[in-house]
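Notes to accompany the following structure.
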Amino acid sequence: MKHINLSFAACGFLGIYHLGAASALCRHGKKLLKDVKAFAGASAGSLVASVLLTAPEKIEECNQFTYKFAEEIRRQSFGAVTPGYDIMAQLRSGMESILPPNAHELAQNRLHVSITNTRTRENHLVSTFSSREDLIKVLLASSFVPIYAGLKPVEYKGQKWVDGGLTNALPILPVGRTVTISPFSGRLDISPQDKGQLDLYVNIAKQDIMVLLSPSYIRWNHSLERYGDQLEDTCQSLV
């Protein structure tokens, strides 16, 4: 049996794409999910990876939280950087309500979270968690975009950490086959497919993203679930 991993790319609020992919995997890739040995992610990708591993039944709850979260930020005078608005506190609140009490035990050595050290600017993949609070801190660190999320980086084990997407936006694990998921078109297993473009890519924080010659846009691919049969075929080829 193949050693399969799932990795979710950093992508900010386009993380809703990851939730769509996770939902489709739960529907059409159950056999694949049973064989997945490890999950990985950066920034929003790490949040979805953590839920898919520890509480897959709460994917829809995550959808609702994300929509409400985005709407709340839009209502702020200056978005997430509005004085007095604490985006990280809201994110923590969501994690507190969704992650199960034993999330850290379920994630132990199976969830690999990308974070960036502010002093060395080096990337670290964290996969051991001593407590649920420990896991939440690492996930917050992976999601902390400097200035946008605040001015004080997340403290973890005596050091300061920020968004893992700055140094490794798409973790590839050393053992087995890592299935990559991203809302950006590129050399990925699951992503929007942009037709008619030149085969040009740029590597950003270890993620190959297609260069679009047309006006910049992102295809959210809300219709991901309509491609269940195709996804199921992909899953079958991996197990």
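Where a number appears in this text, it was derived from the coordinates with a stated rule and is not lab data. Predicted, not measured: the structure shown is a model, and the values here were computed from it. As a convention, Cβ positions derive from the backbone with ideal geometry for all residues, glycine included, and neighbour counts pool all protein chains shown.
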DSSP-loop trypsin sites (Lys or Arg not before Pro) across the range 1-74, with at most 13 other Cβ within 10 angstrom: 2
Would you mind checking the radius of gyration and Dmax of the range 12-149 based on alpha-carbon positions, in Å? 15.0, 47
May I ask you to list the GluC sites (Glu not before Pro) in the range 90-149 that are in a DSSP loop and have at most 11 other Cβ atoms within 10 Å of their Cβ? 122
Cleavage-rule hits, chymotrypsin sites (Phe, Trp or Tyr not before Pro), the range 16-99, DSSP coil, Cβ neighbours within 10 Å at most 15: 78
